[in-house]
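Below is one structure, written out as structure tokens, with a few remarks after it.
The values are calculated or read from the model by the stated rules, or taken from the named source; none is laboratory data. This structure is a prediction, so every number in the text was calculated from the model and none was measured. We place every Cβ from the backbone using ideal geometry, glycine too, and count neighbours over all the protein chains shown. The protein model used for the area step is the full one, side chains on, heavy atoms only, and it has no ligands, DNA or RNA in it. Shrake-Rupley method; radii C 1.70, N 1.55, O 1.52, S 1.80 Å.
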Amino acid sequence: ASKAMARGIDARLMVSLAVAWLGCMAVARAHWTSETDFCTLALPQRIGLTAIAAAIALASAALTGHAAIEEGALGIAHRANDALHLLAAGAWIGGLVPLAMMLGAPHTEGAIGVLHRFSTAGHWIVALVVATGVANTWLILGGPPTDWSSSYQLLLSLKLLVVAAMIALALANRYALM
């Protein structure tokens, strides 16, 4: 089982690199326009195909790794949950790139509106990442990661702490600073 998980991790790393490359190509093809009072990111039509290809590549990582442990209906549900988890995480991370590019734009009402819309969408996307992550944890471990002698459970616990800190920062930014 550990060799299968190692192959799954290697496959996920390769897929992640492919998706990152596709994302970089998509951003490289983007260009700025100033047709409105704030900068908007104008993307070529091919960006949709790039996004679809990246989503397929990312979701296909659910066919290996943790979700590949289960068989039958539970295996299908686990793979679907893992794919949704990966796609939600990819959507959130992918949304950060154009947001970061927009941060240099003038702070007009339009730009502030974009930030609020991103924040609102981010709430739902991060909630989906957390919900599917909790489901994956229960499917893999049968409960919370409490055995810190296991390197997997220790790393998962550290990941949960990082995610909790990021959520706290995002909420403070949205509700205390904006």
Filter pass, residue 44 being part of a loop (DSSP other than H, G, I, E, B), touching a Lys or Arg at 6+ places or on another chain (Cβ under 9 Å) and at pLDDT below 75: yes
Positions within region 123-169 being within 13 Å of the chain's Cα centre (by Cα) and within 19 Å of residue 69 (Cβ to Cβ), in sequence order: 132, 133
Residue identified as over 20 Å from residue 83 (Cα atoms), modelled with pLDDT of 90 or more and open to solvent by 70 Å² or more (accessible area, probe 1.4 Å) among 151, 157: 151
Residue 104, sole failed condition from (1) over 17 Å from the mean Cα position of the chain (by Cα); (2) over 28 Å from residue 114 (Cα atoms): (2)
